[in-house]
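Before any comments, here is the structure.
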Amino acid sequence: MLAATYTTTGPAAEVLSIGEQPDPLAGQGEVLVRVRASGINPADVKRRAGWNGMQMEHPLVIPHTDGAGEIVDVGEGVDRSRAGERVWMWNAQGGYNTAGRAFGTAAEYIALPSNQAVRLPKKLDFAAGANLGVPAMTAYRAVHADGPVEGQTILVNGGAGAVGHCAVQIAAAGGARVIGTVSNYPAAELVVAAGAFTAIDRRREDVHSRVMEITEGVGVDRVIEVDFASNMKLDASVLKPNGTVAAYSSSSNPQPVLPYYDYQSKGANLRFIQGFAIPPAARREGEALLAKLANDELLTIAIAATYPLAEIAKAHLDVERGGNLGNIVLTI
């Protein structure tokens, strides 16, 4: 099969290569999937680049955690009726701080545990399905980990990002009033179209003042946070007493110094979201909710650009540059 690989961490153009690799086989409890689309998450790019001291976990790696395609074979112990099923995949390369799997979705075929290949909702194509594993499931966990959101006001920082866009839709579908922060007008349009009550341009407006104006001085019940280090003072200032911040990244500073009493004085709750470590029961609930929302046309996945497998290095650079209104996907 044709696959993208790397044998050392470093810049995309220097370490990624395309070539033939042995075809995988479905083992005990596994399915063999013909990959049609491979999603590229910031986590994939960071791992390949060696961000924050990450080391190679295997001598050779096929990158990418998320993907979508069709099951073409099943291993022992798997119902043969799954052959031909359209699926989306999660944790195909494993999570952080574990050896994980060497072979991800940037290849024509992948064999992985059957439960990590989930039936793709009918209303979603392969490109959209290739972004359910990390962006959509992280968003689900961030929104719903602390119970129902109906009647609550939720601030989604980075509302036009891959996770944020899904979080806006999931929270709005759950009956929350959603406020999104963005960095430009097109992003604001995307966030409002996703169901937000309003979008605040963080580059042109004072986010704290606008949030307090919108909430009539009360503040928000929850914050979905894309960069905890950058926004932790803001989050504490707009949070209601006993409110919750659900943070899924802190890329600007992996070791932020917490303003403890800003949070403690409000009895605030901090939840750190790791999409690779969602508890099994919550994951099954999330998979079911995403399918329902997608089939009810309440969840769409924004795609900014698609690249062929041969241009994986360019695709990684696109993710690294950021600012995309939508996800970056490889078509295979």
Can you tell me which residue among GLU108, GLU14, GLU30, GLU85 is at pLDDT 95 or above, within 30 Å of SER251 (Cβ to Cβ) and acidic (Asp, Glu)?
GLU14
Quick one: would you say ASN91 is more than 18 Å from the chain's Cα centre (by Cα) and either touching a residue at least 40 places away in the same chain (Cβ under 8 Å) or closer than 20 Å to ASN131 by Cβ (or both)?
no
Can you tell me which residues in the range 301-328 are β-branched (Val, Ile, Thr), out of contact with any His (no Cβ under 9 Å at 6 or more places or on another chain) and within 24 Å of SER252 (Cα to Cα)?
VAL319
Exclusive hit being surrounded by fewer than 19 Cβ atoms within 10 Å (Cβ to Cβ) and either out of contact with any Asp or Glu (no Cβ under 8 Å at 6 or more places or on another chain) or β-branched (Val, Ile, Thr) (or both), set LEU293, LEU270, LEU289
LEU270
Just the residues that are free of Cβ contacts under 8 Å to residues at least 40 places away in the same chain, under 11 Å from ALA160 (Cα atoms) and surrounded by fewer than 22 Cβ atoms within 10 Å (Cβ to Cβ), please, taken from the range 184-200.
ASN184, TYR185, ALA188, GLU189, VAL192, ALA193
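State yes or no: is GLY159 at pLDDT 95 or above, of a type outside the set (Asp, Glu), part of a loop (DSSP other than H, G, I, E, B) and surrounded by 20 or more Cβ atoms within 10 Å (Cβ to Cβ)?
When the stated conditions are applied, GLY159 passes them.
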Filter pass, ASP79 being surrounded by fewer than 24 Cβ atoms within 10 Å (Cβ to Cβ) and out of contact with any strand residue (DSSP E or B) (no Cβ under 7 Å at 6 or more places or on another chain)
yes
Whichever residue in the range 101-148 is buried (at least 24 other Cβ atoms within 10 Å of the Cβ) and of a type in the set (Ser, Thr, Tyr) and, among such residues, is nearest to GLU70 (Cα to Cα):
THR105
Residue pairs within 6 Å by beta carbon, gap of at least six or interchain, first lying in the range 41-57 and more than 15 Å from GLN274 (Cβ to Cβ), second acidic (Asp, Glu), listed first then second, are VAL45/GLU320
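Give me the residue from the range 231-259 that is surrounded by fewer than 18 Cβ atoms within 10 Å (Cβ to Cβ) and free of Cβ contacts under 8 Å to residues at least 24 places away in the same chain and, out of that set, nearest to THR153 (Cα to Cα).
That would be VAL257.
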State all residues of the range 188-204 that are more than 22 Å from VAL238 (Cα to Cα) and either under 18 Å from the mean Cα position of the chain (by Cα) or of a type in the set (A, V, I, L, M) (or both); if no residue qualifies, say none.
LEU190, ALA193, ALA194
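With the structure loaded, tell me whether ALA173 is more than 30 Å from THR9 (Cβ to Cβ) and surrounded by fewer than 21 Cβ atoms within 10 Å (Cβ to Cβ) or whether it fails that test.
yes
The values are calculated or read from the model by the stated rules, or taken from the named source; none is laboratory data. Nothing here was measured: the structure is a model prediction, and the numbers come from that model. When we count neighbours, we look across all protein chains shown, and the Cβ atoms used for this are built from the backbone with ideal geometry, even at glycine.
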